[in-house]
Amino acid sequence: MLAGCAADAPSDRRTPSALEPAGTGARIVLDEMLLHAALGAGVLLLILGLLVGIVWRQRRRGDGGLPQDDGDGVGVRWIWLGGIALPVVVLAVLGGRSVISLAALGTPPSPETVEIEVVGHRWWWEVRYPQVGVVTANELRLPAGESVQVRLLSEDVVHSFWIPELHHKLDMLPGEVNELWLHATEPGTYRGVCAEFCGLQHARMQLQAVVLEPDDYDAWLARLAEPRPAPQTTAEERGAEVFAANCAVCHTVDASTATRGVGPDLGNLAERTTIGGGVYPNNLGSLAGWVVDPQAMKPGALMPGTALDGDELQALLAYLDTLE
Ligand code: CUA
């Protein structure tokens, strides 16, 4: 419990908390949880109180003998009230409330205007916006205040999609499509995790959900739907060549659902806050390390290392920095 109290993690590594909902779905789950906890605590206190009361009464009698039946029906009344009536009322309240919550979780609070597909891979997230033909990875952008339909798929094994501050978790199954809705109420960045053990790097399969004001979201999506900017400087052009020769077998850079790589699309890599499936901050140092030796940074990841010389690496980094 004490370890859970650590509050000094850097902001981008903040532990996501289902107790601080920023979405309608998470709010429904939290309200349900609080009701269960409150009623459970009430029943526990009542029983503890009765136990103390019984001990107290018997001690005051002080005759040391077995408890006597007073013969006035009080014992039977306790059984009817405490053993039958109270549980019926408590369970009816919890059951009724759960039915209401389940119905609410099954229906988005407003018509779904945005459709997103999230595909689980070992160990990263592919994010597709089929309405505009945009694909990106490991960073989900959402408009605040709008209902988003999310279709969940998996490319390999069972994963589970969970952004605790926005909604409950849901499995991603190979060959099946699971659906949920997201309705984020507050702009901000929320961490998501894979919540189903999926192999060696399961714990490092993370995603960021960036909730934007609707206008900012529209502008972002429109920008990504445009063709990617062409390299400007000589270094960037050289980097594009290095990319084509070394990386393009697995990665695409056009942010388009028309093409599909083995690895994440890198069309907006420069604006993402993390690399490696949400594991490392996106800066020059970790990116260089990742390109050269990803196995040292995330053992078991499907990406092999690259044998680039210093100039090639610098050129490649300059080119990757233009992708936003
Ligand atoms: Cu993917 Cu655990």
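The values are calculated or read from the model by the stated rules, or taken from the named source; none is laboratory data. Note that the structure is a prediction, hence the values are computed from the model and not measured. Reconstructed Cβ throughout: ideal geometry from the backbone, glycine too, with neighbour counts over all protein chains shown. Accessible surface areas use protein heavy atoms only, side chains included; no ligands, DNA or RNA. Shrake-Rupley method; radii C 1.70, N 1.55, O 1.52, S 1.80 Å.
Cα gyration tensor of the chain, axes a ≥ b ≥ c as square roots of the eigenvalues: rounded (a/c below 1.5), prolate (a/b > b/c) or oblate? Here the chain falls in the prolate category. Once you sort the root eigenvalues of the Cα gyration tensor of the range 56-163 as a ≥ b ≥ c, which label holds: rounded (a/c under 1.5), prolate (a/b larger than b/c) or oblate (the other case)? Because a/c hits 1.5 or more and a/b exceeds b/c, the range 56-163 counts as prolate.
Among the protein heavy atoms, those of residue 97 account for about 90 Å² of accessible surface (1.4 Å probe, every chain in place). FRET efficiency for the residue 158 to residue 56 pair, using the beta carbon distance and R₀ = 45 Å, is estimated at 0.25. For the residues 172, 303, 1, 33, a 1.4 Å probe over the protein chains yields an accessible-area ranking, largest first, of 1, 33, 303, 172. Computed over the Cα atoms of the range 114-218, the ratio of the radius of gyration to the Kirkwood radius (Rg/Rh) comes to 0.94.
Put a dot 7 Å past the Cα of residue 271, heading toward its Cβ, do the same for residue 246, and the two dots end up 2.6 nm apart. Once the Cα-Cα distance is subtracted from the 0.36 nm per residue extended length, the residue 258 to residue 295 segment shows a gain of 10.4 nm. Here the range 69-112 is scanned for amide nitrogen atoms under 17 Å from the site 7 Å beyond the Cα of residue 46 along Cα-to-Cβ, giving 75-97.
Element breakdown for the chain at a 1.4 angstrom probe: carbon and sulfur atoms account for 62% of the accessible area. On full extension of the chain, what length is gained from residue 89 through residue 1, given 0.36 nm per residue of separation minus the C-alpha to C-alpha distance? Extra length from residue 89 to residue 1 when fully extended: 28.4 nm.
Across q = 0.11, 0.12, 0.21 Å⁻¹, the range 182-324 modelled as identical point scatterers on its alpha-carbon atoms has Debye log10 I(q)/I(0) values of -0.46, -0.55, -1.47, in the order of the q list.
Restricting attention to the chain, close to 70% of DSSP beta bridges with both partner residues there are antiparallel. DSSP beta bridges confined to the range 137-217 are antiparallel in about 75 percent of cases. When a/c reaches 1.5 or more, the comparison of a/b and b/c decides; with that in mind, is the range 196-267 rounded, prolate or oblate per its Cα gyration tensor? Judged from the Cα gyration tensor, the range 196-267 comes out oblate (a/c at least 1.5, b/c at or above a/b).
List the relative contact order of the chain as a percent without decimals, with contacts defined as Cα pairs under 8 Å and 6+ residues apart. It rounds to 17 percent for the chain. Between the alpha-carbon centres of the range 246-275 and the range 192-228 there is a gap of 13 Å. For the chain, the solvent-accessible area with a 1.4 angstrom probe is 53 square angstrom per residue.
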